[in-house]
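The values are calculated or read from the model by the stated rules, or taken from the named source; none is laboratory data. The shown structure was predicted, so the numbers you read here are calculated from the model rather than taken from an experiment. When we count neighbours, we look across all protein chains shown, and the Cβ atoms used for this are built from the backbone with ideal geometry, even at glycine. Side chains included, ligands, DNA and RNA excluded: accessible areas come from the protein's heavy atoms. Shrake-Rupley method; radii C 1.70, N 1.55, O 1.52, S 1.80 Å.
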Amino acid sequence: MPQWTRVELGDRAFEALVRLVHEHCGITLSTVKKTMLETRLRRRLHANGLDNFDDYVALLRSPTERAKELQNFVDTVVTNETSFFRERAHFDHLDAAELDRLLANAGTRQLRAWSAACSSGQEVYTLAMVLDAASDGATKWDWQILATDISVKVLTAAREAIYRAEDVASVPPALRDRYVLRARDPQSEAVRMAPELRSRVQFGQLNLMHSEYHVKTKMDLIFLRNVLIYFEPKTQEAVVAKLCRHLRPGGLLFLGHSDTTRSGSLPLRLIRGNIYQRLED
Ligand SMILES: C[S@@+](CC[C@H](N)C(=O)[O-])C[C@H]1O[C@@H](n2cnc3c(N)ncnc32)[C@H](O)[C@@H]1O
C-alpha cells in the first residue's frame, strides 16, 4: 500500500521565501506564517509543475524564469484583508464641512486623494462615496482618486468593482441606495459600484518599496492604512517620508489604527486617531 503525503515547506526553503518577500515587498513574515505560506504556495508549485519548495525557490531566484512567477508569488503571499467603511472614524472625519474647509484653505476646487495600498477596492469606493456625496456629485468641487497596490490580482478585482451583497452591509443605507447597483438577476448576490464612482478612480501598480513614487499630482488626502504594520520601523518611516512629499501642505494622511510610525522628523502633525496633517515645509 503506498504512503501519501503532502509536499512540505522545509526550514531552508521557508527562510529563502521569507527573504524574497522581504526583498521585494518589504514585508517581514514571522515563523508563525509558515503554515499559511505552505498552504498558499502549494497551488503555485502545482501551477509550475514542481513537486518541492526548493525548486520553487530556485525558480524565483532564476534570472530567466523569475519574471514569469514573481507577480504570482507576490499576489499569493500578501494579505489583502479589507472592508467597506473599515475604521469608520476616518470617513466620519471627512464630512462636507471638513472637505469644504480643506479645499478653501488650499484655494482649490479640485480634491485629489490617493489610496496607496488599496487592496480589492473597498477602501477606495468607501472614500469615493464619501467624496461624491460631499461634493453633490462633483458639482460643488471636482474629485479624483488614485488607487495603487503591489498586487495585480487585487487591482483587477478593484477595477471590476464587483462585490457580494453582504460586503456592502457596512455601507450606510443612503450611500448604498445611491451608489451600489444590484445585479438584474434577482438570484444573484453580486453588487457593483456605480459608474460615476468608477470613472473617477485611476488604478495602477505601485510598490511602496521603490525609492521614489512617480506620481505627479499633489494629494489632499493619502490613505496608507493597514500596510505599515507588515514593515519594520525603518521601512515604515521611509515609506511615510516618501508619501509625505506627495501630500500638499494642509493635506491629510490616514494610517490604520494599528499602524505606527515615528513621524517626529517629518512635517506632520497628529490631529486625531492616526490622522496626520501635512505642515508647511
Ligand atoms: C491588509 S491590506 C489593507 C487594505 C486597505 N488599505 C485597508 O486598510 O483596508 C494591505 C495591502 O497592502 C498591499 N501591500 C503590501 N506590500 C505592499 C508594497 N510593498 N507596496 C504596495 N502595496 C503593498 C497588499 O497587497 C494589500 O493589498
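Between helix 66-77 and the chain there is an angle of about 70 degrees, using the helix long axis and the longest principal axis of the Cα atoms. I want the local charge near Glu212. Using Cβ-Cβ distances under 10 Å, sum +1 for each Lys or Arg and -1 for each Asp or Glu among the other residues. Once positives and negatives cancel, what remains is +2.
Here the alpha carbons of segment 202-281 define both size measures, Rg and Dmax, at 11.8, 32 Å. Averaging the sequence gap over all C-alpha pairs within less than 8 Å and six or more residues apart, then dividing by the number of residues, gives segment 11-77 a relative contact order of 34 percent. Element breakdown for segment 20-82 at a 1.4 angstrom probe: carbon and sulfur atoms account for 51% of the accessible area. With protein chains left intact and a 1.4 Å probe, residues in the chain average 52 Å² of accessible area per residue.
Computed packing ranks the peptides 243-256, 28-41, 66-79 as 243-256, 66-79, 28-41, most packed first, by mean other Cβ atoms within 10 Å.
Annotation: Cα Rg of segment 11-77 relative to the compact-globule expectation 2.2 N^0.38 Å equals 1.00.
Computed over protein heavy atoms with a 1.4 Å probe, the carbon and sulfur contribution to the accessible area of segment 89-278 reaches 49%. Of the three principal axes defined by the Cα atoms of segment 32-130, the extents in descending order read 60, 28, 20 Å. Around Arg61, with a cut-off of 11 angstrom between Cβ atoms, what is the net charge of the other residues, counting Lys and Arg +1 and Asp and Glu -1? Local net charge: -3.
Please state the Cα pair-distance histogram of the chain with 10 angstrom bins from zero: what percent is in each bin? So the P(r) values, bin by bin, are 6, 26, 31, 22, 12, 3, 1, 0. Peptide packing: for 185-194, 130-139, the average count of neighbouring Cβ atoms within 10 Å per residue gives the ranking 130-139, 185-194, highest mean first. Relative contact order for segment 157-216: 32 percent, from Cα pairs under 8 Å spaced at least 6 residues apart, divided by residue count.
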